[in-house]
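Encoded as structure tokens, the structure appears first; notes follow it.
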Amino acid sequence: MDDYPRLLHTVLDTPEVRQLAEFYRQLLGLQYRPGDEPPADENDDADWLVLTDAQGDRTLAFQEVDRLERTTWPRPDVPMQMHLDLTVPDRDALETQHRRALDLGAELLLDRTDDPDEPLYVFADPAGHPFCIFVA
């Protein structure tokens, strides 16, 4: 018997479900849950999608909302509320993932790569959710 609930996946609100799912699928090398793949025709009315890792475990899900107020971080007007932390093994990988994130449509919010102990970038994804990539 389980003594604690198990985290199934993290759900991100977004007005553009497929767009945000594609961003994270490509950024993190994930795959769609069977049945959530993009349709063959142009009619993609998905309002809920799930991404899984290579073993089929759920990692991220995306649900449609009519509007989403973007964080203003680092200004305090609209706080982050939550963010994702992503790690890489070294500075070379950090720069590779920095370029990948920007190429996929992320917005750079903070460059703290001059920190000798924990160099990092903070980005906003296309829907405005903040996420960090740092050397762990």
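The values are calculated or read from the model by the stated rules, or taken from the named source; none is laboratory data. The model shown is predicted, which means the values in this text are computed figures rather than measured ones. Neighbour counts run over all protein chains shown; Cβ positions are idealised from the backbone, glycine included. SASA here: full protein model, heavy atoms, side chains in, ligands and nucleic acids out. Shrake-Rupley method; radii C 1.70, N 1.55, O 1.52, S 1.80 Å.
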* Using packing as a proxy for protection, rank 81-94, 36-49 so that the peptide with the highest average count of other Cβ atoms within 10 Å comes first. => 81-94, 36-49
* **Rounded accessible area per residue of the chain, 1.4 Å, Å²** => 63
* To do: State, as an integer percentage, the relative contact order of the chain based on alpha-carbon contacts under 8 Å between residues 6 or more apart.
  => 24
* 222 nm [θ] for the chain, helices only, -39500 (n - 2.57) per DSSP H run of 4+, per residue, to 500? -> -6000 deg cm²/dmol
* **Principal-axis tilt of helix 91-103 within the chain, Cα atoms, nearest 10 degrees** => 50
* Structure fact -> Heavy-atom accessible area of the chain with neighbours in place, 1.4 angstrom probe: carbon+sulfur share in percent works out to 47
* Asked: What angle, in degrees between 0 and 90 and rounded to the nearest 10, separates the Cα long axis of helix 17-28 from the longest principal axis of the Cα atoms of the chain?
  -> 50
* **Cα gyration tensor category, rounded, prolate or oblate, for segment 35-136 with a/c compared to 1.5** => oblate
* Overall form of segment 59-111 per C-alpha gyration tensor (a/c, 1.5; a/b vs b/c) -> prolate
* Asked: If you stretched the chain out fully between THR113 and ARG70, how much longer would it get, using 0.36 nm times the residue separation minus the C-alpha to C-alpha distance?
  -> 13.1 nm
* Cut-off 13 Å (backbone N to label point 7 Å along Cα→Cβ of ASP2), residues of segment 49-65 -> 58
* Of GLN19, LEU102, PRO119, which is farthest along the charge dipole of the chain in the positive direction, counting Lys and Arg as +1 and Asp and Glu as -1 at C-beta? -> PRO119
* Structure fact -> Answer in debye to the nearest 20: the dipole magnitude of the chain about its Cα centre, from +1 Lys/Arg and -1 Asp/Glu charges placed on Cβ, is 160
